[in-house]
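Here is the structure we will look at.
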Amino acid sequence: MTPLTLPLLFTAALMLGLSMVALRRLASEPRRPGSAVSPGLLPFAAVCLGIAVWSAAYAAELHALTLAEKMRWSALQYPGVVTVPAAWLVFTLQYSGRTRWITRRNLALLLLIPALTVVLAFTNEAHHLIWRAAVLQPFGAFFLMRLRYGPAFYLFVVHSYLAFGTALVLLVQAYRNTTGPFRAQARILVLSALVPWLGNLAYFLGLAMPGLDFTPFGFALSSALAAWALFRLRLLDLLPVAQQAILETMPDGVIVLDTRGRIVDLNPAAARIFSGGGDEREARPIGKPLQLYSPELAQWTGESPALPLHIEITLPQDGARGYAPRIYDLRASPIAADRSGQQLRGKLLVLRDITERRQISDALRSSESRFRTLAAHAPVGILLTDPEGNCLFTNDYWQQLSGLSPDESLQRGWLRAVHPADKWRLRLHWRRSARAGQGFQAEYRCQDKDGRMLWVAGNAAPLRDQFDNPDAPITGYICTVADITARKHAEQELAAARDAAEAANRAKSEFLANISHEIRTPLNAVIGLADLTLDTNLTPEQREWQEQVRVSSEELLELFTDVLDYSRLETGQFELAERDFSLPDLLEQVQTTFAAQARRKGLEFALHTEPGLPSQLRGDPARLRQVLGHLLGNAVKFTERGQISLDVSRLPAETGQDGVVAGA
């Protein structure tokens, strides 16, 4: 046995033991439905097992005496040799939190060259792609085998160094980004990876004794470092960096305690809680009791709390302890050492800041309380419905108005209070408003359980998540129902009184029309007899009396004519005739009548017509004569001296109408 055999066998035994520990840990860890295997355990076990195979086979190669035996043991090293780089890269990816890179496609590509290398190593005699020649070289009292490698071997070397280089970069990044025991873990992993690969690099560069590969001896040293990391730093017990990367970005505070209440680790969110919202780097109390930093939190996670624990807790936010407290949702869970859960390794505390959520909840409760108070004392019925009109809430006034209990009004039950004859109209209003995204107002009848009918005014307004956005979806309706029965009765009484007054007014108008018509006949006779009498030989005194009789009769006839027209207007019987008439003839008649009246009063009368006036017009000549008579009669009546002038002309062109206008 050579002096190098024992260190190699020790390395193989230690690595085999480490792989068994990792596999036993993998089999005994607590599992939950849907939970994943702890990151890094399986590839770490593969790395250890590969090193064990490599070291044991290399020890056998060194112990062999013939070249053929050494070549057989050299080929048996390759399953372990090709396993180490690929498994180490997968372990590093999981350890550093880059599990998204570990896909089936990437694993297939990663294992393609190692698998091909193993096949070529066992069939090397047929192609010599792994090594082309082998010779024995004396080394003291025993012989070393020196190989001249082929192209396939160097392809595997490039593949291995790429995998190793990538893993080393990831471990260095993990070392720089972690704190506490995780930083120490990353440091040991970097050192344990560098040592054997530096020995391998020395072997290829010829810096060591030719034919002697120091890589397995480097693994002997790295195995000691790995064992120390396993038992001292609890490499497989503590959370890996993959989970640490997640914790670093969590908004919830996460604290890991050991069995004595000391802080093993905490994320930046938890550190900010201890620092009062300031720089979390000032509050990294790793290894110190939780009691020193948060007595309020420690009292719930002390020696014998009932775990798991879920409570709300209020914590101060500064060193003075008592200023700006925040409310947290605290979840405390045990960290079990095995599946049985009997042996505890520590405690996991998760703190979620629910201060804003509590404030919002309190504001909602206050708002709901105000709404319910308002609804309870409102002088109208109030209903809350969903967008389809299913009732969700009613107030006391509605219950009194409809006679329905709250449960009876729910869903479509409130429609039972609507009068059957008005239900279709109310549903129509509702459908139209829902399609248009608007509210509606309607008056309809309600009928309670006793058959008493009420008139109500309903007003439905849409509710939206965004009050000031009319395009936001409607989430429901708030409806008010006011009792307008008294108003309806008053409106009905007022309508009856109006109808009675209109009937009386029509009777009066008809009476006046009849009276006016009956009186006009004798008045016309009086006027005619007065005119005949004035044509006879009368004394001045008699003529004056007859003139007064004629003038008074004409005024009385004009008055009754106006009364008759007014009554016709009220009864809707006043109509304008539409026929052709001669404008010059009508003006001549008016001039003859009122020129005589003007002369009797000592006034001059003049008629002025615009040139080009049409001789024939279409209208009501009697009403036109009546209007001109009123106009000229007032002119004669209220003019003491001077002249009365009647001017007739066309309407201005800008009026857009064709006609004539007269003015006195």
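If you stretched the chain out fully between Glu356 and Arg427, how much longer would it get, using 0.36 nm times the residue separation minus the C-alpha to C-alpha distance?
Values: separation 71, 0.36 × 71 = 25.56 nm, distance 4.22 nm.
Net length gain for the segment: 21.3 nm.
If we sort 619-631, 250-262 on the protection proxy, mean other Cβ atoms within 10 Å, highest first, what's the order?
Ranked by mean Cβ neighbours within 10 Å, highest first: 250-262, 619-631.
With viscosity set to 0.692 mPa s at 37 °C, what whole-number translational diffusion coefficient in µm²/s follows for the stretch 71-118 from Stokes-Einstein and a Kirkwood radius over Cα pairs? Let's see the in-between values first.
Working: Rh = 11.7 Å.
It comes out at roughly 282 µm²/s.
Under 16 Å from the 7 Å Cα→Cβ point of Thr593, by amide nitrogen: which residues of the stretch 619-643?
Under cut-off, by backbone N: 620-637.
Expressed as a fraction of 2.2 N^0.38 Å, the rule-of-thumb size for a compact globular protein of N residues, what is the C-alpha radius of gyration of the stretch 559-649?
Rounded to two decimals, the normalised Rg is 1.22.
Putting +1 on Lys and Arg Cβ atoms and -1 on Asp and Glu Cβ atoms, find which of Leu351, Leu384, Trp398 reaches farthest to the positive end of the dipole of the stretch 347-403.
Positive-most Cα among the choices belongs to Leu351.
Considering only protein heavy atoms, what per residue accessible area in square angstrom results for the stretch 334-448 with a 1.4 angstrom probe?
For the stretch 334-448, the per-residue accessible area is 58 Å².
Cross-link list Lys508/Lys637; Lys423/Lys488; Lys449/Lys488: which exceed 27 angstrom alpha carbon to alpha carbon?
Violating the 27 Å limit, Cα to Cα: Lys508/Lys637.
Highest first, please rank the peptides 70-81, 477-488, 94-105 by the mean number of other Cβ atoms sitting within 10 Å of their residues.
70-81, 477-488, 94-105
Highest mean first, how do 608-618, 48-58, 8-18, 524-534 rank when packing is the count of other Cβ atoms within 10 Å averaged over residues?
48-58, 8-18, 524-534, 608-618
Mean shadow of the stretch 434-590, computed from the convex hull of its alpha carbons, in nm²?
About 21.7 nm², averaged over all directions.
Normalise the Debye intensity by I(0) for the stretch 43-88, one equal point scatterer per Cα, no solvent, then take log10 at q = 0.34 Å⁻¹ and round to two decimals.
Ignoring solvent entirely, the Cα scatterers give -1.08.
If I model a spin label as a point 7 Å beyond the Cα along the Cα-Cβ vector, how far apart are those points for Arg100 and Ala298 in nm?
4.1 nm
By how many nm would the segment from Asp499 to Leu162 lengthen if fully extended, with 0.36 nm per residue of separation less the alpha-carbon distance?
So the chain would gain 110.8 nm between Asp499 and Leu162.
Roughly how many nanometres apart are two label points built 7 Å out from the Cα toward the Cβ at Val627 and Asp450?
Distance between the two pseudo-spin positions: 6.4 nm.
The values are calculated or read from the model by the stated rules, or taken from the named source; none is laboratory data. What you are looking at is a predicted structure, and each value in this text was computed from that prediction instead of being measured. No Cβ is skipped: glycine too gets one built from the backbone with ideal geometry, and neighbour counts run over all protein chains shown. Only protein heavy atoms, including side chains, enter the accessible area calculation; ligands, DNA and RNA are left aside. Shrake-Rupley method; radii C 1.70, N 1.55, O 1.52, S 1.80 Å.
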